[in-house]
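Engineer: Quick one: structure below, then a few questions.
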Amino acid sequence: MPAAKKSEKDMLKILPPASIRFFMESSGSMNGFLRAGIPTYFKTDLWEIISYYRTLIPEISVLSTDGGATQVNSLQVAQFQNPLNGGGFISAQSTNLCQMINNVAHSIHPERGDVAVLVSDMEYDPVGAIAPDVLKSVYSTDIAAVLSDFGYSAALVAATSNSVDKDGNTLTTKRPYYYVILGRQECVAYVRNGISAMLDEQKHFVDNIETGFKYGGVKYSIGRYSGCTQIGREPSFSSVIDTGCSFDLNVKLENYRWILSTSKDVLKKSFHISSMNGSSVVVDSITYDIKNVVNNELKRDVTAKIHVRVKNMPAACDILKWSIAIPYTDDTVLQTLFTDTPNSVEQTYSIREFIIGMFRASLTCTGGKENYIHLSKD
């Protein structure tokens, strides 16, 4: 039986990117975040994120479209803050997200470790384009084609901000907007975790979801146990007493779907354990140890402690088989943001279609590699 440490060879490893290209779209629907001189969570959170990664950011590009080609205004980080705060990006432009994301994806070199981050309210509004209603009807198909052609990984991070009208009146304190992250999976995971952690600290984080990831094996260790004796550091136990035994599986989740480390119900549904010889196996409890800062560095560290109890062993030995199935299409939290009404204040028109397109583009989200634990009464 392979030891726990051997599964690390095929694990998804999180790595910092070589560079991060930031893009912000400045369509008319973004104006509620960008009014001159009015503080919004969007401004403060975006600036905190950019400031944290500033040594990796060569420039920030502001995108707009009038129905034709995407227009790009590129700024250095030091040049970006004043127009961000002073209303310099207010516009009456529309949003052709397929075109924008295609341009963003082809502006970087993922094979060199580059990552792109597009900040947008994700309201698909191709006004001025030829047959905009037809474009809307095939939006998810077009997004799938763009991301499939890109050929790497993508993550979507949802956040909320206050939003104001042109007179400075607050329309809502929970207007959704998004960070679309593109690149190699290990670099996308690094940026996804960092952005999500900063937003979560400010209580403005909603959820994230990713596609195109090959997660590989799950790193784990054996924690506290009783009614048995662990053999070295191996996932093997001897001297199991007649009434059974129990132990903790300490499973590392920072590489994996965020919802696994925030919802015990989702993790319990995704965690599968069974006996090969007929012993009774029960998951008693799940607890989390979550850190977003490790050694003064923004670095997510998540351990789920899964307490397993085994009893009624019918034979002198048994093998437990367990795995975690990655819920790659679980958008339960994000569904609260879905709407079919354009310009909704607290939901996002077309975000559902974007997520559908994400998963049509790539179904390489894999997990569920089997792990084994030996039990013996001797």
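The values are calculated or read from the model by the stated rules, or taken from the named source; none is laboratory data. This is a predicted model, so every value here is computed, not measured. Note: ideal-geometry Cβ built from the backbone for every residue, glycine included; neighbour counts use all protein chains shown.
Engineer: Tell me yes or no: at least one residue of region 186-193 is outside any strand (DSSP E or B), assigned by TED's automatic domain parsing to the domain that holds Gly86 and among the aromatic types (Phe, Trp, Tyr).
Structural biologist: The answer is yes, given that some residue of region 186-193 is outside any strand (DSSP E or B), assigned by TED's automatic domain parsing to the domain that holds Gly86 and among the aromatic types (Phe, Trp, Tyr).
Engineer: Oh, and also: Quick one: in region 317-341, of everything that is of a type in the set (Val, Ile, Thr), in contact with a Ser or Thr (Cβ under 8 Å, 6 or more places away or on another chain) and farther than 20 Å from Ser263 by Cα, which residue is modelled with the lowest pLDDT?
Structural biologist: Of everything passing the filter in region 317-341, Thr339 is modelled with the lowest pLDDT.
Engineer: Exactly one condition in (1) in contact (Cβ under 8 Å) with a residue 60 or more places away in the chain; (2) surrounded by fewer than 16 Cβ atoms within 10 Å (Cβ to Cβ); (3) assigned to a helix (DSSP H, G or I) is not met by Val345; state its number.
Structural biologist: All conditions pass for Val345, except number (3).
Engineer: Would you pick out the residues in region 253-280 that are aliphatic (A, V, I, L, M), surrounded by fewer than 19 Cβ atoms within 10 Å (Cβ to Cβ) and either touching a strand residue (DSSP E or B) at 6+ places or on another chain (Cβ under 6 Å) or part of a strand (DSSP E or B) (or both)?
Structural biologist: Once the filter is applied, which keeps residues that are aliphatic (A, V, I, L, M), surrounded by fewer than 19 Cβ atoms within 10 Å (Cβ to Cβ) and either touching a strand residue (DSSP E or B) at 6+ places or on another chain (Cβ under 6 Å) or part of a strand (DSSP E or B) (or both), region 253-280 yields Ile273, Met276.
Engineer: Of all residues in region 293-342, which are in a loop (DSSP other than H, G, I, E, B) and among the charged types (D, E, K, R)?
Structural biologist: Asp330, Asp331, Asp340
Engineer: Where residues in region 202-261 are outside the structural domain of Val146 (by TED's automatic domain parsing) and of a type in the set (Asp, Glu), which of them is farthest from Thr173 (Cα to Cα)?
Structural biologist: Only one residue fits best here, namely Asp242.
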